[in-house]
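**Q** Here's a structure for you.
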Amino acid sequence: MTPSKRVSILSSKALLGLCLLMPPLVLAHADAESLELELHIPDAPPLTFVNDPRGYGVVGDVAVAAMTKAGYAVKIHVLPWARAQKHVSEERDYLIAPLSRIPIREDRFTWIASILPMERAFFSLERRVNSFAQAKETYRKIGVGLGSAQEDILRAEGFSDEQIYPLAIGDNPAQLLLMGRIDAWFNGVPESRYIWPKVSKRKLLMSPVGSSADLYLACSRQCSAKLVEDLRGAVEALRKEGEIERIHDIYLP
C-alpha cells in the first residue's frame, strides 16, 4: 500500500469517528441548515415588503427570523397573492405569510404559528359606517385586496359580487378611494394607517373594527411534522425573547 493511500484511509476513518462522536442535535442542525425553504410573501406594507432596505416587514421579518433560528435557509418568492396561496396549498413543505386563519382556508394549509392579530375595518372619505349591515346598505363598491381575507370575509357576510371590488394588494385601493372610483376600502387597520398618509393628507374615516383574525406563518397542506415543530418553537422563542415586539416597533413605532 502506498503512503498516500494509507493516509487517505486513515483520514476517512478519523472523519467517520468524528461524525460518530458528534451529538445527534448537532447533526440534526447541520441537516436543517442544508435545507432551503420557499417562503411566499405579498408586497403588503407594513406586514411584508418585497423591496425595502429595512427588511421584509413586520410579519416577513418574523418569518425569516424563525426560519433562520430553526436552522433553515430562506428563499423568498413573490407571486400574485391568490396564485401564491393556491401554489403553496397544493405543494409540499412550502411556507407562506402573512396568512389570516379564516374558516374558508382552514383545511387548505398547515397552521404553524400566529404572529400578529389583525383587525379590519371600513375606510371611507365621506360616509362612516358602524357595522357590516350598514356598510352593505351604504357602499356601492368596496375595494379589497385580491385574494385577501377581506374579500372572503365580505362574501361570508353576504355582500354581493357587485359590491366587492378586488384589487392588487398594496396602495391601489387607497388611490381609487381618493379618486372616487370606490366608496370604501375594507382592509387591515395597520396596513391602511400605514399606506394612507403616503397617498393623501385628507382625513380618512374609519368604522369600528368589524373583524379580527390572527396572521399566521403557514405551510402547505402536506407539511413535514418536524418542520412545523421546528418553526413553531422558533416563533415562540422569538416571542419570549421580545424579538417580535422589537420587529413590530421598527415598522409600526
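**Q** Give the residues of segment 47-77 that are surrounded by fewer than 20 Cβ atoms within 10 Å (Cβ to Cβ) and among the acidic types (Asp, Glu), sorted by residue number.
**A** Of everything in segment 47-77, just one residue is surrounded by fewer than 20 Cβ atoms within 10 Å (Cβ to Cβ) and among the acidic types (Asp, Glu), namely ASP52.
**Q** Let me ask something additional. Quick check: anything in segment 115-124 at negative phi, free of Cβ contacts under 8 Å to residues at least 12 places away in the same chain, more than 10 Å from the chain's Cα centre (by Cα) and surrounded by fewer than 19 Cβ atoms within 10 Å (Cβ to Cβ)?
**A** Taking every residue of segment 115-124 in turn, none turns out to be at negative phi, free of Cβ contacts under 8 Å to residues at least 12 places away in the same chain, more than 10 Å from the chain's Cα centre (by Cα) and surrounded by fewer than 19 Cβ atoms within 10 Å (Cβ to Cβ).
**Q** Can you tell which of GLY170, GLY233 is within 19 Å of PRO80 (Cα to Cα), surrounded by fewer than 19 Cβ atoms within 10 Å (Cβ to Cβ) and out of contact with any Cys (no Cβ under 8 Å at 6 or more places or on another chain)?
**A** GLY170
**Q** For residues that are in contact (Cβ under 8 Å) with a residue 24 or more places away in the chain and assigned to a helix (DSSP H, G or I), scanning just segment 84-98, find the one that is surrounded by the fewest Cβ atoms within 10 Å (Cβ to Cβ).
**A** GLU90
**Q** Restricting to segment 138-159, and then to whatever is of a type in the set (Ser, Thr, Tyr) and either part of a loop (DSSP other than H, G, I, E, B) or modelled with pLDDT under 95 (or both), can you tell me which residue is farthest from LEU178 (Cα to Cα)?
**A** Once the filter is applied, the top-ranked residue is SER148.
**Q** So which residues in segment 197-248 are under 27 Å from ALA121 (Cα atoms), over 18 Å from the mean Cα position of the chain (by Cα), modelled with pLDDT of 95 or more and among the hydrophobic types (A, V, I, L, M, F, W, C)?
**A** Hits for segment 197-248 are LEU204, LEU205, MET206, VAL209.
The values are calculated or read from the model by the stated rules, or taken from the named source; none is laboratory data. Just so we're clear, the structure is a prediction, and the values are computed from it rather than from any experiment. Methodologically, a virtual Cβ is constructed for each residue, glycine included, from the backbone with ideal geometry; neighbour enumeration extends over all protein chains shown.
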